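The values are calculated or read from the model by the stated rules, or taken from the named source; none is laboratory data. The model shown is predicted, which means the values in this text are computed figures rather than measured ones. So basically every Cβ, Gly included, is an ideal-geometry build from the backbone, and we count neighbours across all protein chains shown.
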Amino acid sequence: MRIRTDGDYAYRKDVIERAADYYGCNKTKAVTQACEDVPELVGAARQVIEREDLTAEQRQEIAETLSTKAVGFDVQTTVETRTE
C-alpha cells in the first residue's frame, strides 16, 4: 500500500512521522498501530461518556475534550413527554 504525500497530501507525511515518534517505531508500524488503537480508544471514550453517574454538562465537556479532527463525539439528551 502506498500513501500519497505530495501536493495537497503533504500533511500526511508529518502526521505519520509524528505517529512514528509517538510510538517509537518506523512509519509503517506506526500507521498499523494507530489503526489498531483508534477503534479501541473510541470505544473506551464512548463508555466513559455514556456513564450514568455523569451529568449532561460533564458528558459534554468530556466529549469536547476527547474529540479530534478525525473523531468527534456528540452528546444528546432527549426528553419525552407522554400523556394518558
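Looking at the structure I just gave you, is Thr5 part of a loop (DSSP other than H, G, I, E, B), surrounded by 13 or more Cβ atoms within 10 Å (Cβ to Cβ) and polar (S, T, N, Q)?
Numbers: part of a loop (DSSP other than H, G, I, E, B): yes; surrounded by 13 or more Cβ atoms within 10 Å (Cβ to Cβ): yes; polar (S, T, N, Q): yes.
The answer is yes for Thr5.
Would you pick out the residues in the stretch 11-26 that are among the small types (Gly, Ala, Ser) and either under 17 Å from Ala70 (Cα atoms) or assigned to a helix (DSSP H, G or I) (or both)?
Residues of the stretch 11-26 among the small types (Gly, Ala, Ser): 19-20, 24.
Ala19, Ala20 - these are the residues of the stretch 11-26 that are among the small types (Gly, Ala, Ser) and either under 17 Å from Ala70 (Cα atoms) or assigned to a helix (DSSP H, G or I) (or both).
May I ask you to list the residues in the stretch 27-84 that are in a helix (DSSP H, G or I) and either of a type in the set (Ser, Thr, Tyr) or in contact (Cβ under 8 Å) with a residue 60 or more places away in the chain (or both)? Even if it seems obvious, please write down each step before you answer.
Our first condition is that a residue be in a helix (DSSP H, G or I); within the stretch 27-84, this holds for 27-49, 56-66.
Thr28, Thr32, Thr65 - these are the residues of the stretch 27-84 that are in a helix (DSSP H, G or I) and either of a type in the set (Ser, Thr, Tyr) or in contact (Cβ under 8 Å) with a residue 60 or more places away in the chain (or both).
Scan the stretch 58-84 for residues that are modelled with pLDDT of 95 or more and exposed (fewer than 11 other Cβ atoms within 10 Å of the Cβ) and jot them down.
Passing the criteria: only Thr65.
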